[in-house]
Amino acid sequence: MDIISRAEWGARAPRSRTTTTWSKRTEFVVHYSEGPTSQTPRQIQDYHMDHNGWADIGYNFLVDVKGRIYEGRGWLTVGAHATGHNTSGIGVCFIGRDGDATDAAKKSIRWLYDEAVRRKGKSLAKKGHRDVTATSCPGDELYRWVKAGMPAPGGSTPSPKPPTGGTKAPKWPGRYLTQPPIMRGDDVRTWQAQMRKRGWTITVDGAYGPQSERVCRAFQKEKGLVVDGIVGPKTWRAAWEAPIT
Ligand SMILES: [Zn+2]
């Protein structure tokens, strides 16, 4: 497969760059741009450099709906795509919103992963941005695909049928789930299991701690609920009844 070089897509020169080595690369982090599929790498670069003030486009590579691969910072330049994971992680961004990823795009992301493994000579952990930060990125659909092992489209492993939301919520337990101190109980476990089913990275341990609160806040933000990190009746109900968008 071809990688469209920076010169070919008209990239600006980076303000600075820091490189790393293959031994430090241990993970492959998938993102989405959460913008229109017509967005160009140059528009994304301009935003990252002029609005965010970054040295360059944040990602190592980008992939569009047609499956075209664009060079971002490349294989061994430290990116700006996932705080704390820019040296260990190669960041690949799908240009589009949740549900926009095509088979062609997935095929190209998978190809980049295989190419990274070939160059490193060892496998890398497959992650979605939300595995390392409280964010909805790379969207539920792409995230499920990453967690299913990034199966090559058209391969023999069908992707698991995604949950769609819109199922009736069980009765609200009648107490507000919040922390600190850490609250424990079957109600916490039930809510955690449901959030996990929706694609969030959350440990189902029946203990409402900082991770549960982070997921709760990110979910509330995504659904336009009051962002208070507390699972009250509305947040509880939305965990089952809100569509997975
Ligand atoms: Zn991201």
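The values are calculated or read from the model by the stated rules, or taken from the named source; none is laboratory data. This one's a predicted model, so the numbers in the text were calculated from it and none came from an experiment. Glycine gets a Cβ as well: all are built from the backbone with ideal geometry, and neighbour counts include every protein chain shown. Ligands, DNA and RNA are excluded from the accessible area calculation, which covers all protein heavy atoms including side chains. Shrake-Rupley method; radii C 1.70, N 1.55, O 1.52, S 1.80 Å.
Details
- Residues in region 23-37 that are small (Gly, Ala, Ser) and open to solvent by less than 60 Å² (accessible area, probe 1.4 Å): Ser33, Gly35.
- Meets criteria (among the small types (Gly, Ala, Ser) and part of a strand (DSSP E or B)) for Gly91: yes
- For region 84-96, a residue qualifies if it is open to solvent by 40 Å² or more (accessible area, probe 1.4 Å) and either β-branched (Val, Ile, Thr) or within 12 Å of the chain's Cα centre (by Cα) (or both), and exactly one does: Thr87.
- Single unsatisfied condition, His81 versus (1) within 16 Å of the ligand (Cβ to nearest atom); (2) surrounded by fewer than 20 Cβ atoms within 10 Å (Cβ to Cβ): (2)
- Complete set of residues in region 97-126 that are surrounded by fewer than 21 Cβ atoms within 10 Å (Cβ to Cβ), in contact (Cβ under 8 Å) with a residue 40 or more places away in the chain and outside any helix (DSSP H, G or I): Arg97, Asp98, Gly99, Asp100, Gly121, Leu124, Ala125, Lys126
- Filter pass, Gly89 being on the phi > 0 side of the Ramachandran plot, within 14 Å of the ligand (Cβ to nearest atom) and at pLDDT 95 or above: no
- Residues that are free of Cβ contacts under 8 Å to residues at least 40 places away in the same chain and farther than 21 Å from Ala13 by Cβ do not occur anywhere in region 70-93.
- Unmet requirement for Arg73, which otherwise passes all of (1) under 23 Å from Arg196 (Cβ atoms); (2) within 16 Å of the ligand (Cβ to nearest atom); (3) open to solvent by 20 Å² or more (accessible area, probe 1.4 Å): (1)
- Scanning region 43-56 for residues that are open to solvent by less than 50 Å² (accessible area, probe 1.4 Å), within 15 Å of the ligand (Cβ to nearest atom) and either hydroxyl-bearing (Ser, Thr, Tyr) or in contact with a strand residue (DSSP E or B) (Cβ under 9 Å, 6 or more places away or on another chain) (or both) yields one hit, Ile44.
- Those helices (runs of 4 or more DSSP H) lying entirely in region 129-237 with at least 2 residues more than 16 Å from the ligand (Cβ to nearest atom) and loosely packed, with under 15 Cβ neighbours inside 10 Å: 186-197
- If you check Thr40, Thr20 for being hydroxyl-bearing (Ser, Thr, Tyr), away from the ligand (no atom under 14 Å from the Cβ), more than 20 Å from Glu141 (Cα to Cα) and open to solvent by 50 Å² or more (accessible area, probe 1.4 Å), only one passes: Thr40.
- Pairing each residue of region 206-217 that is in contact (Cβ under 8 Å) with a residue 12 or more places away in the chain and farther than 16 Å from Asp131 by Cβ with any residue that is open to solvent by 30 Å² or more (accessible area, probe 1.4 Å) and not β-branched (Val, Ile, Thr), provided the two are 6+ apart or on different chains, yields C-beta distances under 6 Å for Gly206/Arg184; Gly206/Arg189; Ala207/Arg184; Tyr208/Gln179; Tyr208/Met183; Gly209/Gln179; Glu213/Gln179.
- Among (1) among the small types (Gly, Ala, Ser); (2) surrounded by fewer than 14 Cβ atoms within 10 Å (Cβ to Cβ); (3) under 17 Å from Thr77 (Cβ atoms), the one test that Ala11 misses: (2)
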